[in-house]
Amino acid sequence: MKTHHWMVTALLRLYPTAWRREYGPELTGMLLVRPLTAGIVGDVLRSALWQRLRVAEPSTLVGLAMLLVMLNGFVWNIVAPSPYGGEASMLLQNLWGSNLYVLLLVGCGLWTHLRHRGKLDQSGLAAVKISFLAGIPLMLAGILMWLGILGVIVLGPRDTPTTFHEHGFTYTYYDAQIRSCWIRVSEPTIQLQAIQSTTCPPAPLGVMLSPLSRLPASWLWGALGGLLGRWIGRSRRRPLVTSWIPRLLPYWR
Amino acid sequence: MARKPKTGPASDPELLILSSLASGPKHGYAIMGDIETFAGVTLGPGTLYTAITRLVEKKLIAPQVSSGRQRPYKLTAEGETGLTEQLNDMRRVAAVGLRRLRPA
């Protein structure tokens, strides 16, 4: 009985606070008098998710969608990496620099402004939230690389990707640039040697921090969206024809 | 336990709740039991309260004051009109469908 009560309380916690305040006692009463079957738990979970989505901010929804897209791309990259130049894989790797992503941030800034009519700061913060959520898989990858759990293979334009069977839990990083890096050598007197290579894997700390370094730029794109929203709001309030005709009349005469 | 039909008007929880409240105010548990009796559909508690939330927001039903945990809901005038229109539409469609199904 105690477990049942605990489970009902836990299920109710999944609903938004405002909803819980309004309907929580009724739903609790209903769940307490019947056995919690898998069907009922699933039904309540689905309903709680729906209520959460209804009250969620646009930035949370877009951010969570981006997180899922990135996570999906990350998993597919490990399980079945595509050849160098594959559009989806290149887009996911260079997401933060893509025009599509910038448009998404501007769009979310605009959406947030039109919804709340708030300050530009609010639109900027919405874009920052999206970038942070989208960056979670990359930060996680950085941590796994740092811990030595996730390996990295650098794939150049002419290289063939390896299969999961061959590389195991390894991320395929697409890179065509020749860069300087340090490699470990077997010579006891020199432990690290500088080389120029296309096969330099990205540093774990760099991977971990790279999403955070994009946050200020995201803020700017979101604020720009907010500015656009403000401009749209003003032009809606002021009818275009009636505001311009009186100004043009003296010239016409 | 009755199975929830996948399609058809009997699968719309909002319509079922409105139909249940047409006979008078009821609380969540009573609505659930009533729907099970007249439509043979068992609504999950989550589905029931999601539909109730939507109906309250649309002002088709209204919660009433109660002292206990269970709060009764009643059909508003708007809800009554909406339900009547919806059921009349359904009756028209059903009549046409049944007429066409009848052998000439």
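We did not get these values from a lab; they are worked out from the coordinates using the rules stated. Note that this is a predicted model, so its numbers are computed, not measured. Backbone-built Cβ (ideal geometry, glycine too); neighbour counts: all protein chains shown.
Using C-alpha pairs under 8 Å with a sequence gap of at least 6, the mean separation divided by the residue count of chain A gives a relative contact order of 23 percent.
Mean-square fluctuations from a GNM of chain A, with a 10 angstrom spring cutoff on Cα atoms, peak among A:G229, A:G63, A:G85 at A:G85. With viscosity 0.692 mPa s and temperature 37 °C, the Kirkwood radius over alpha carbon pairs of region A:1-55 converts through Stokes-Einstein to a diffusion coefficient of 291 µm²/s.
Nearest 10 degrees, 0 to 90: what angle lies between the long axis of helix B:77-101 and the longest principal axis of chain B (Cα atoms)? So the helix axis and the longest Cα principal axis differ by about 20 degrees. Of the DSSP H helices in chain A, those with a Cα length along their own long axis of 15 Å or more and a mean Kyte-Doolittle hydropathy reaching 1.6 comprise A:58-79. Relative contact order of chain B, taken over Cα pairs closer than 8 Å and 6 or more residues apart, is 27 percent.
Counting only other chain Cβ atoms within 10 Å of each residue's Cβ, the peptide A:143-155 averages 0. Scaling the Cα radius of gyration of the protein assembly as shown by the globular reference 2.2 N^0.38 Å produces a ratio of 1.43.
The alpha-carbon atoms of region B:9-101 define a convex hull whose volume equals 96 cubic angstrom per residue.
Looking at region A:75-134 from every direction and averaging, what is the projected area of its Cα convex hull in nm²?
Hull-based average projected area comes out at 4.7 nm².
Shown for region A:55-177 is the translational diffusion coefficient from the Stokes-Einstein equation, using the Kirkwood radius over Cα pairs, a temperature of 10 °C and a viscosity of 1.306 mPa s: 101 µm²/s. Mean per-residue shielding of peptide B:20-30 is 1, counting Cβ atoms of other chains within 10 Å of each Cβ. With a simple spin-label model that places each label point 7 Å from the Cα along the Cα-to-Cβ direction, the separation between A:R34 and B:T81 comes to 3.4 nm.
Highest GNM mean-square fluctuation among A:L71, A:L36, A:L228, for chain A modelled with Cα contacts below 10 Å: A:L36.
Using a Gaussian network model of chain A in which every pair of alpha carbons under 10 angstrom is joined by a spring, one finds that among A:L212, A:L12, A:L140 the greatest mean-square fluctuation is at A:L12. For peptide A:43-56, the mean count of partner chain Cβ atoms within 10 Å of a residue's Cβ comes to 3.
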